[in-house]
Amino acid sequence: MVIFALVFYVLLVVAQWKIFTKAGKPGWHSIIPILNVWDLVNIAWNKKMAGVMVGLTALVGLFSGITNAQGEDASAFIGLLSGIAGLAYLVVFCMFSIKLSKSFGHGTGFGIGLILLSGIFYLILGFGSSQYIGPEGNPAVYQGGQSYGGNPFDNGNPYA
């Protein structure tokens, strides 16, 4: 079972590498824990929400660690904060997944697939024929991995 999990994890890292490459980001960012979340959310959404997602990820991890370390002695307040952070993360993750789907030309259904079966749908995005359109599926804000407000065809690349 451990070997299966390790192989699947490696496949997911490679799929994320391909997703980053399609979006004009360096593929090696997929192997660095905080950077991969930052870049993935930035690809699908924007820098502000990338910061929110990284912050929520850190909070959930922190509260989870405190709760696990204190065991039954964990205060109700820490448990409440952990639950609120977890719920906020879940909401933002669902919104992010739909935006990531649209960034690669798919619809809400594919976004729901990213929520429920993330691993499989990341593999489809990475290894499939999906093309990066731009954050939230808006080609007007994408040019070679950089967000801006101009025409995506200014650089002569019809796949930008």
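Tabulate in residue order the Karplus-calculated ³J(HN,Hα) for the stretch 47-58, using 6.51 cos²θ - 1.76 cosθ + 1.60 with θ = phi - 60°, rounded to whole Hz; enter x for Gly and Pro.
Whole-Hz 3J(HN,Hα) from phi for the stretch 47-58: 5, 4, 6, 5, x, 4, 5, 5, x, 5, 4, 5.
Testing the spin-label approximation: label points 7 Å from Cα along Cα→Cβ at ILE84 and LYS47. State their distance in nm.
Output for this residue pair reads 2.9 nm.
Taking 0.36 nm per residue of sequence separation and subtracting the Cα-Cα distance, how much length would be gained by fully extending the chain between VAL7 and ALA58, in nm to one decimal?
15.8 nm
If you take the charge dipole of the stretch 1-139 about its Cα centre, with +1 on Lys and Arg Cβ and -1 on Asp and Glu Cβ, which of ALA58, GLY83, PRO135 is farthest toward its positive end?
Sorting the options by dipole projection puts first PRO135.
With the full set of protein chains in place, find how many percent of the accessible area of the stretch 59-138 is carbon and sulfur; take the probe as 1.4 Å.
It is 69 percent, rounded to a whole number.
Using the Cα centre as the reference, give the magnitude of the dipole from point charges on the C-beta atoms of the stretch 1-73 (Lys, Arg: +1; Asp, Glu: -1; all else neutral), rounded to the nearest 20 debye.
520
Sorting MET53, MET95 by accessible area (1.4 Å probe), largest first, what list results?
Reading off the accessible areas and sorting them downward yields MET95, MET53.
Applying the Karplus parametrisation 6.51 cos²θ - 1.76 cosθ + 1.60 with θ = phi - 60° to the phi angles of the stretch 100-111, what ³J(HN,Hα) value in whole Hz is obtained for each residue in order, glycine and proline being reported as x?
With the stated coefficients, the stretch 100-111 comes to 5, 4, 5, 5, 10, x, 9, x, 5, x, 5, x Hz.
Full-extension gain between ILE32 and PHE127, please, as 0.36 nm times their residue separation minus the C-alpha to C-alpha distance.
This chain segment gains 32.2 nm when fully extended.
Among all the lysines, which ones have a C-alpha under 20 Å from LYS18's C-alpha, if same-chain residues fewer than 8 places away are not counted?
Of all the lysines, those that pass the test against LYS18 - Cα under 20 Å, at least 8 places apart if same chain - are LYS99, LYS102.
The values are calculated or read from the model by the stated rules, or taken from the named source; none is laboratory data. Remember, predicted model here, so these are calculated numbers, not experimental data. When we count neighbours, we look across all protein chains shown, and the Cβ atoms used for this are built from the backbone with ideal geometry, even at glycine. Please note that ligands, DNA and RNA were not included when accessible areas were found on the heavy atoms of the full protein model with its side chains. Shrake-Rupley method; radii C 1.70, N 1.55, O 1.52, S 1.80 Å.
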